[in-house]
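The block underneath contains the structure these notes are about, expressed in C-alpha cells.
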Amino acid sequence: MNEKIVLTVCTAAYLAQAKALGDSLLKFNPGYTLVIGLVDKLNGRIDRDYWKPHQLIEVEELNIPQFEKMSKQYTTLELVCAVKSFYTDHLFKLYNPNQVIFLDCDILIFDSLAYLESELNNFSILLSAHITMPFPSDGHKPEEKTILKTGMFNAGFYAARNDENGRSFINWWKERMVDQCYERPKEGLNADQKWLNFLPFYFKKVKAVEHPGCNFAYWNFHQRKLEKKQDKFFVNNEPLLFFHYSGYSLNYPDLISRHQDRFDMKANPAVNELFNICREQLIQNGHENMQKIACYYQKSSGGLLKKLGLKK
C-alpha cells in the first residue's frame, strides 16, 4: 500500500464524486492512493470495476464496536461525518502511513499536494479556516453569524500526521463521534465540524493552512480571486490546489451553491470554467444515476430499501 493516502468517506450515492476526486488526485499526484470509505453496503448494486483504480473499504470492515447503535441514532449525513475519524485511525493501523489527508468527495484536485506534505513535516494537524477576513455587510449569505453556527474550520479537509499528536487528535475525535455527531444547532452541534474549534487549544503542532489554493470554496470567494493563466488556475496568484464545490447540484448548473447568494457563477469566467469541469466530471461518472442509490444505513428502512432487498 502506498504511504501517500488521501481518504474520502461517502455513501454509494456519492461514488461518482469520489471517483472524480480520485481521478483528479492521480492526474496531479501519481504517487498517491485514494481510499474511499463507503458508509454503505454494495450488495452487488455497483460493478466493482467502477471505482478502480481507487481502493474502497466498506464501513463494516472497520468493526466499530458502537456502529450498530450509531447507525440507528444518526441520519445518513451524521453517520458519514461520524466515521471519518474511525477511518483515519483504521488506515493508521492498517498501513502505518506517514500521514492521512482527508478530503470531502465534492472536491477536485488541480495541482500537486506537495505543499501539504511540506507542512506535515513541521505540523501534526492541518486544518482549513472557513474565513480569515470579514464578509461584506451587505445582507448576502453566508455571513459571519453563519460561520459561528457551522464552525471556524471546514471539516471537508484535514490532515493528520501519524505521530503522537495526530493520533491523539483522532482518538479524541472518535470518542465524541460515537454519540455527539448530531446536527443540533441549539446544542451547539454541527455534526463533526464544530469539534475542530478546540484543536488549536487541545493539541500541539496544529496549523490552519494559509495557502489560498487550498480548499477554495464559495465561503472564501470574497477573499480569494480565481484566475486562469494559460492552462492553469491560480488563486491570489498561487496555484489552485483543490476546489470544494460544496452545495453544487447538476439540477441547478448555474448556481454556485445552495448555501450562498453572494456570488454569481457567470461574473468570473474562470469560476464558470471551474464549475464546468466539475459538471463534466459528474456527468461522465454517472452521478445522476448514482444519486438514486439508497443507503443501506439510512434511518428509514422502508420503501426503496425493501424493493432493493436491503432490509436491515
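Here, each number is a calculation from the coordinates, and none is a lab measurement. Since the model is a prediction, treat every value here as computed from it, not as a measurement. All Cβ positions, glycine included, derive from the backbone under ideal geometry; neighbour counts span all protein chains shown.
Within segment 3-67, the ratio Rg/Rh, alpha carbon atoms throughout and Rh by Kirkwood, equals 0.98.
Summary of the geometry: segment 94-110 and segment 112-178, compared by the centres of their Cα atoms, lie 14 Å apart. Computed from backbone phi, the HN-Hα couplings of segment 279-289 come to 4, 4, 5, 5, 5, 4, 8, x, 4, 4, 6 Hz, rounded to whole numbers (Karplus: 6.51 cos²θ - 1.76 cosθ + 1.60, θ = phi - 60°; Gly and Pro given as x). Over the chain, dividing the summed -39,500 (n - 2.57) contributions of all DSSP H runs of at least 4 residues by the number of residues returns a 222 nm mean residue ellipticity of -8500 deg cm²/dmol.
Just to be sure I understand: of the beta bridges DSSP finds with both ends in the chain, what percent are antiparallel, rounded to 5? Please report the intermediate quantities before stating the final value.
Details: 19 of 37 bridges.
Just about 50 percent of them are antiparallel.
Taken along the Cα-to-beta-carbon direction at a fixed 7 Å, the label points for LEU77 and MET133 span 2.9 nm.
Can you give the net charge of the other residues whose Cβ lies under 15 Å from the Cβ of GLU175, counting K and R as +1 and D and E as -1?
On the way: positive: LYS69, LYS84, ARG167, LYS174, ARG176; negative: ASP89, ASP179, ASP192.
Computed value for this residue: +2.
The simple spin-label model puts a point 7 Å past each Cα toward its Cβ; for GLU68 and TYR252 those points are separated by 4.1 nm. The length gained on full extension between SER112 and TRP172, counted as 0.36 nm times the residue separation minus their Cα-Cα distance, comes to 18.6 nm.
Please tell me the relative contact order of segment 1-114 in percent, rounded to the nearest whole number, where contacts are Cα pairs under 8 Å and at least six residues apart. With pairs under 8 Å counted, the relative contact order is 43 percent.
Send over the per residue convex hull volume for the chain, Cα only, as a whole number of Å³. Mind dumping the intermediate values first?
Details: hull volume 42.8 nm³, N = 312.
Dividing the Cα hull volume of the chain by its residues yields 137 Å³.
Counting Lys and Arg as +1 and Asp and Glu as -1, what is the net charge of the other residues whose Cβ lies under 11 Å from the Cβ of LEU282? Mind dumping the intermediate values first?
Values: positive: LYS19, ARG279; negative: ASP106, GLU280, GLU288.
For residues surrounding LEU282, the net value is -1.
Under the criterion of Cα pairs below 8 Å and six or more residues apart, the relative contact order for the chain equals 22 percent.
Loop-located trypsin sites (Lys or Arg not before Pro) in segment 1-69 (DSSP state not H, G, I, E or B) with no more than 12 neighbouring Cβ atoms inside 10 Å: ARG48.
Return the FRET efficiency for the residue pair GLN180, LYS292: r is the Cβ-Cβ distance, R0 is 41 Å, and the value is rounded to the nearest 0.05. Before the final figure, lay out the partial values.
Details: r = 32 Å, r/R0 = 0.77.
That pair, GLN180 with LYS292, gives E of 0.85.
For the pair GLU3 and ILE283, the difference between a 0.36 nm per residue extended length and the Cα-Cα distance amounts to 97.7 nm.
Could you compute the net charge surrounding LEU250? Neighbours are other residues with a C-beta less than 10 Å from the C-beta of LEU250; K and R count +1, D and E count -1. Kindly include the intermediate steps, with their values, before the conclusion.
Numbers: positive: ARG279; negative: GLU288.
That sum, taken over residues with Cβ under 10 Å, equals 0.
The ranking of ILE5, ILE125, ILE46 from fewest to most other beta carbons within 10 Å of each one's beta carbon is ILE46, ILE5, ILE125.
What shape does segment 190-274 have by the C-alpha gyration tensor, where a ≥ b ≥ c are the square roots of the eigenvalues, rounded means a/c under 1.5, and otherwise prolate means a/b greater than b/c and oblate the rest? Oblate is the answer for segment 190-274, as a/c is 1.5 or above yet b/c matches or exceeds a/b. Model label points for GLU187 and LYS141, set 7 angstrom from Cα along the Cα-to-Cβ axis, are 2.3 nm apart.
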